[in-house]
Amino acid sequence: MKKNFYIFVIFVLLIPLAGEFKFFPFHDSFRVSIGTPIFFFFLLWTRKMPVILPTVVVGAMVVIFRLFLDFNSGINFEFISSFRIIFPSFFYYFTYSILFYLLKVKNYQHRLSILIFLATFIEICSNIIELMLRYFILGNNINTVIISQIILLALIRSVFVLGIFSMLKLHEAELEVEHKQRQNSHIISLISNLYEESVALKKSLQDAENITRNCYNLYRDMQSEDFKLSKKELSKKILVIAGEVHDIKKDNQRIYSGISKMISTENPADYMTISEIGDIIINGNRKYAYSLDKSINFNIDIKDDIPMLHVYTTLSLINNLVSNSVEAIKAHGIINITVSKNKDYIEFKVQDNAGGIPKKKLDLIFKPGYTTKYDEYGNSSTGMGLPYVKNLVKNLGGSIEIESSTEMRSTSFMLKLPLESLVEKG
């Protein structure tokens, strides 16, 4: 919202100024300027901003600015006379924005031919409204020649604006593709490093299995009546086992160090917008729900302007909660994700209609190993998902709360995390 407000202020100041680069093709009161192309560009570019209020402000500023110029022109200034000449331009901008909104022009940003037609149509209608007002108030002429010139000017200006807009959109798309490529390269590098660590981990697991086997064999020998090893020979065997355990410890320390470095090293590709992260969460869990033969609707509501967040930390937390909701829903359900910013904190809310959690079990769900979910073969889940989320939230300096009602058949998890724990340092 803050970014849109700054853009709005810039255009409110720019459009009246641009309106002074003009010429008068028909008579002394009707002008053609570059204010209209800039206004059209403003309506196309802005997002999540209501159309009517900005338009009223822009139209009013155009009228006020032109009255101010007339007042300072040095010519005998008459407010009523100047206002009668200038104020029809307000209705031009007002009509333009109303038609822009009613025809849902933004929905056709990827269909250039339709966009050119709609832009030309809107400008023609807005010009005709202004000309009609000037006809009734000032007695200005309207004829077929003027209408044909308006159509030609509208077409030229619409093509000009849409050409610039398309080039900017193309550049924006190229930057996004470049960002995705850098991100994919980073992920590939990360996966290759993880593969290297997995090979080392596999060796460590094999060593642990050999040690377990040797320990069991030694135990079995010691239980046998034929056990005849001396104390010195037994101590040597135990020392060998201790040495092998020490080697495993060193391997695991190296593996842990490598993985920790991969996770802690901050890279621009590690950060994404919350809408991009939300798409990953929803797409992944939609496939997960489909694999479980469940029909679930996913919704995400991003309430504030939120900076780019650390992908893996955010995914690790929210994806865990959403997957938990997917598993809790029986066959059909809804999962709502809400993201908002409150001062220096970011708040996540994951809500489902899976039936709610009984009050007596609310204190148990964060206990490691506790679970109520079993697969078709009767095998329980690990029960480590929610304890992991709670522990990670605590380490990040945040808090987690749960609200559940079996009457409303609803459960909500609320996470509150310091913004600095998720955004890029510096």
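Among the residues of segment 386-417 satisfying the criterion of being touching a residue at least 12 places away in the same chain (Cβ under 8 Å) and basic (Lys, Arg), which is nearest to Ala354 (Cα to Cα)? By that ranking, first place goes to Arg409. Among residues of segment 278-301 being aliphatic (A, V, I, L, M) and modelled with pLDDT under 90, the one that is farthest from Asp352 (Cα to Cα) is Ile280. Applying a threshold of 8 Å to beta carbon distances and a minimum spacing of six or more residues, or different chains, the list of pairs starting in segment 161-179 at a residue that is in the same structural domain as Ile122 (by TED's automatic domain parsing) and closer than 14 Å to His110 by Cα and ending at one that is surrounded by 10 or more Cβ atoms within 10 Å (Cβ to Cβ) and among the β-branched types (Val, Ile, Thr) is empty. The residue that is nearest to Ile80 (Cα to Cα), counting only those in segment 138-152 that are more than 47 Å from the chain's Cα centre (by Cα) and part of a helix (DSSP H, G or I), is Leu138. Looking across segment 318-365, the residues that are among the hydrophobic types (A, V, I, L, M, F, W, C), free of Cβ contacts under 8 Å to residues at least 60 places away in the same chain and part of a strand (DSSP E or B) come down to Ile334, Ile335, Ile337.
Taken over segment 375-426, the residue count meeting the criterion of being of a type in the set (Ser, Thr, Tyr), in contact with a Leu (Cβ under 9 Å, 6 or more places away or on another chain) and modelled with pLDDT of 90 or more is 1. As a summary of the residue check, Ser275 satisfies the conditions (1) modelled with pLDDT under 85; (2) within 26 Å of the chain's Cα centre (by Cα); (3) small (Gly, Ala, Ser) except for the one numbered (1). Here segment 67-119 is the region considered, the condition is being outside any helix (DSSP H, G or I) and among the polar types (S, T, N, Q), and the residue that is surrounded by the most Cβ atoms within 10 Å (Cβ to Cβ) is Gln109. Identify the residue in segment 292-329 that is more than 11 Å from Ile274 (Cβ to Cβ) and among the hydroxyl-bearing types (Ser, Thr, Tyr) and, among all such residues, is surrounded by the most Cβ atoms within 10 Å (Cβ to Cβ). Looking at residues that are more than 11 Å from Ile274 (Cβ to Cβ) and among the hydroxyl-bearing types (Ser, Thr, Tyr), I get Ser325.
One line per residue, one yes/no per condition, for (1) in the same structural domain as Ile259 (by TED's automatic domain parsing); (2) loosely packed, with under 10 Cβ neighbours inside 10 Å; (3) modelled with pLDDT under 85:
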site	(1), (2), (3)
Leu201	yes, no, yes
Ile211	yes, no, no
Ser224	yes, yes, yes
Ser230	yes, yes, yes
Lys236	yes, no, no
Ile241	yes, no, no
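If only one of Ile52, Ile15, Ile75, Ile116 is more than 26 Å from Asn140 (Cα to Cα) and modelled with pLDDT under 75, which one is it?
Sole residue among the options that is more than 26 Å from Asn140 (Cα to Cα) and modelled with pLDDT under 75: Ile52.
Evaluated against (1) in contact with a Lys or Arg (Cβ under 9 Å, 6 or more places away or on another chain); (2) at pLDDT 85 or above, Gln109 falls short on exactly one condition, (2).
The values are calculated or read from the model by the stated rules, or taken from the named source; none is laboratory data. Everything numeric here is computed off the predicted structure, so don't read it as measured data. Methodologically, a virtual Cβ is constructed for each residue, glycine included, from the backbone with ideal geometry; neighbour enumeration extends over all protein chains shown.
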